[in-house]
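Following: one structure in structure tokens, then a few remarks.
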């Protein structure tokens with residue numbers, strides 16, 4: 001256990017499946033890699049949304065060095081599961097806060113200002 005408490009991190013709401021596994025192999029006979037939701041969010045922001053690490057760290061409200069550690073551990077777990085035919089379980093810790101999407105009175109997502117005035 002770490003000597004310091006985990007800092008709160010901001011991630012998008014995750015309602016997807018919690019397990020990914022190789023096809024045709026029962027889950028009970030597989031090793032499981034546990035992927036934390038903050039690791040998944042870091043991979044999503046940097047690799048899928050193609051943000052640089054500084055922007056992704058700002059969105060998650062963490063330092064860039066913390067983001068780099070999340071990317072390293074998350075990518076390592078995913079690659080290990082793909083190459084070694086392991087299952088991936090996605091879990092959420094209590095320290096993860098879900099980012100809220102703000103909606104204006106016209107039903108649009110808020111950015112800096114509303115699209116309709």
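The values are calculated or read from the model by the stated rules, or taken from the named source; none is laboratory data. The structure presented is a predicted model; accordingly, all values stated were derived computationally and were not measured. Here the Cβ positions follow ideal geometry from the backbone for every residue, glycine too, while neighbour counts run over all protein chains shown.
The set of residues in segment 17-43 being part of a helix (DSSP H, G or I) and in contact with a helix residue (DSSP H, G or I) (Cβ under 9 Å, 6 or more places away or on another chain) consists of 38, 39, 40, 41, 42, 43.
Return yes or no: is residue 30 surrounded by fewer than 18 Cβ atoms within 10 Å (Cβ to Cβ), at pLDDT 90 or above and touching a strand residue (DSSP E or B) at 6+ places or on another chain (Cβ under 7 Å)? Before the answer, list the steps.
Details: surrounded by fewer than 18 Cβ atoms within 10 Å (Cβ to Cβ): yes; at pLDDT 90 or above: yes; touching a strand residue (DSSP E or B) at 6+ places or on another chain (Cβ under 7 Å): yes.
For residue 30, the condition - surrounded by fewer than 18 Cβ atoms within 10 Å (Cβ to Cβ), at pLDDT 90 or above and touching a strand residue (DSSP E or B) at 6+ places or on another chain (Cβ under 7 Å) - is met.
The residues in segment 48-63 that are without any contact (Cβ under 8 Å) to a residue 12 or more places away in the chain, under 13 Å from the mean Cα position of the chain (by Cα) and part of a helix (DSSP H, G or I) can be counted, and the count is 2. Of the set (1) free of Cβ contacts under 8 Å to residues at least 40 places away in the same chain; (2) closer than 19 Å to residue 9 by Cβ; (3) assigned to a helix (DSSP H, G or I), all apply to residue 66 but (1).
State all residues of segment 69-91 that are touching a helix residue (DSSP H, G or I) at 6+ places or on another chain (Cβ under 7 Å) and in a loop (DSSP other than H, G, I, E, B); if no residue qualifies, say none. Result: 86, single match.
Can you tell me which residue among 85, 28 is touching a residue at least 12 places away in the same chain (Cβ under 8 Å) and farther than 17 Å from residue 16 by Cβ?
On the way: 28 fails: touching a residue at least 12 places away in the same chain (Cβ under 8 Å).
Residue meeting the stated conditions: 85.
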